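The values are calculated or read from the model by the stated rules, or taken from the named source; none is laboratory data. Given the structure is predicted, the values throughout are model-derived calculations rather than measurements. Here the Cβ positions follow ideal geometry from the backbone for every residue, glycine too, while neighbour counts run over all protein chains shown. Accessible surface is based on the protein model in full, side chains and every heavy atom, while ligands, DNA and RNA are left aside. Shrake-Rupley method; radii C 1.70, N 1.55, O 1.52, S 1.80 Å.
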Amino acid sequence: MEKLQQLYEGKAKKVFATDDPELLIVEYKDDATAFNGLKKGTIHGKGVINNQMSNRLMAKLESAGVPTHYVKELNQRETLVKKVRIVPLEVIIRNIAAGSFSKRYGVEEGVVFEQPTIEFSYKNDDLGDPLINTYHALALKLATPAEIETIKKYAFQVNDFLRAFWKSCGVTLVDFKLEFGRLSDGTIVLADEISPDTCRLWDSKTGEKLDKDRFRRDMGGVEEAYAEIMNRLETHL
Ligand code: TMP
């Protein structure tokens with residue numbers, strides 16, 4: 001597989017064409033941003049960890065019946081993925097109140113929900129990824145009704161699977177963000193990444209944060225937390 005020209009550079013990844021029009025190469029960077037790019041920094045080794053973690057989890061999800069873009073890990077930072085057109089929705093599932101949910105609704109962090117919630121943001125940096133509902137998504141023609149149903153079904157399946165997996169690692173899955181894409185034939189698959197950048201992961205015993213909130217909130221021990229969460233995953237694969 002030949003790596004051709006760079007097609008796109010995002011905040012945490014670069015995307016390259018390959019000699020197969022249906023396949024792309026994703027390269028994970030150590031760059032970290034928060035608050036829509038206002039806060040910038042580096043988390044040394046993050047690219048390697050996010051690449052490997054996302055690939056391990058997507059491979060497991062694929063076996064559990066959730067189609068993903070994942071094809072093959074090429075090296076520590078690069079992965080071959082199926083080419084998709086990203087559905088411009090950030091799909092957020094929450095099991096426990098935290099982050100913007102706590103702030104918006106005045107609920108203390110750590111309150112456990114009786115059932116998971118789902119919410120959507122319009123993936124648009126210029127607008128600051130505003131929260132929207134499914135009617136807004138339809139009005140904006142971001143997805144069809146059938147696609148939204150499929151995305152919701154997969155998102156809750158991902159939650160069931162990941163929650164159980166992380167529990168076996170002694171980690172509580174608080175919330176996470178997913179992105180989906182369309183293959184050339186229109187099939188919806190899970191895309192982007194599943195990593196400590198896109199999930200809140202708390203040590204089940206101590207409640208210690210093992211995710212990007214340590215960077216967002218200047219808590220220190222960021223690299224150590226990424227290494228610890230990767231270690232938990234590897235010892236429970
Ligand atoms: P929030 O509480 O800030 O809305 O974040 C919910 C989840 O989504 C959390 O696990 C972090 C993740 N997330 C992203 O992956 N990208 C983002 O741009 C934001 C704001 C959150």
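Structure above, values below:
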read-out	value
Total formal charge among the other residues, if their Cβ is under 15 angstrom from that of R182, Lys/Arg +1 and Asp/Glu -1	-1
Two-decimal Rg to Rh for the chain - Kirkwood Rh, Cα set	0.94
Amide H contacts under 5 Å for T42, placed H, 5+ residues apart	A32
Cβ-placed point charges (K, R +1; D, E -1), dipole of the chain about Cα centre in debye, nearest 20	240
S204 long-range amide H proximity, modeled H, under 5 Å	V171, T172
Coil-residue GluC sites (Glu not before Pro) of the range 90-171, DSSP, other Cβ within 10 Å capped at 10	E108
For a label point 7 Å along the Cα-to-beta-carbon line of M219, residues of the range 161-204 with backbone N under 15 Å	171-176, 196-204
Normalised contact order of the range 1-120, rounded percent, pairs of Cα under 8 Å and 6 or more residues apart	17
FRET efficiency estimate (nearest 0.05) - Cβ-Cβ, T42 to F16, R0 22 angstrom	0.55
Distance (nanometres) between label positions extended 7 Å along Cα→Cβ at F156 and E234	3.6
Over 30 Å between alpha carbons, listed pairs K40/K60; K11/K141; K82/K205; K72/K205; K3/K123	K40/K60; K82/K205; K72/K205
Rounded FRET efficiency, nearest 0.05, which uses the C-beta distance separating L140 from Q76 and R0 of 41 Å	0.60
Gyration tensor verdict on the range 1-135 (Cα atoms; rounded if a/c is under 1.5, prolate if a/b is larger than b/c, oblate otherwise)	prolate
The range 79-237 - percent of accessible surface contributed by carbon and sulfur, probe 1.4 Å	52
Modelled label reach - M1, point 7 Å along Cα→Cβ, the range 67-94 residues with backbone N closer than 18 Å	67-86
Dipole in debye (nearest 20) - the range 76-122, about Cα centre, beta carbon charges: Lys, Arg +1; Asp, Glu -1	380
Amide H partners (placed H, <5 Å) of I194, local residues excluded	S54
Relative contact order, percent, the chain [alpha-carbon distance under 8 Å, six or more residues apart]	17
Inter-centroid distance (Cα atoms) of the range 158-181 relative to the range 52-73, Å	13
Additional length obtainable on full extension of the chain from S102 to N124, 0.36 nm per residue less Cα span	5.7 nm
The range 157-228: GluC sites (Glu not before Pro) in DSSP coil with no more than 13 other Cβ atoms inside 10 Å	none
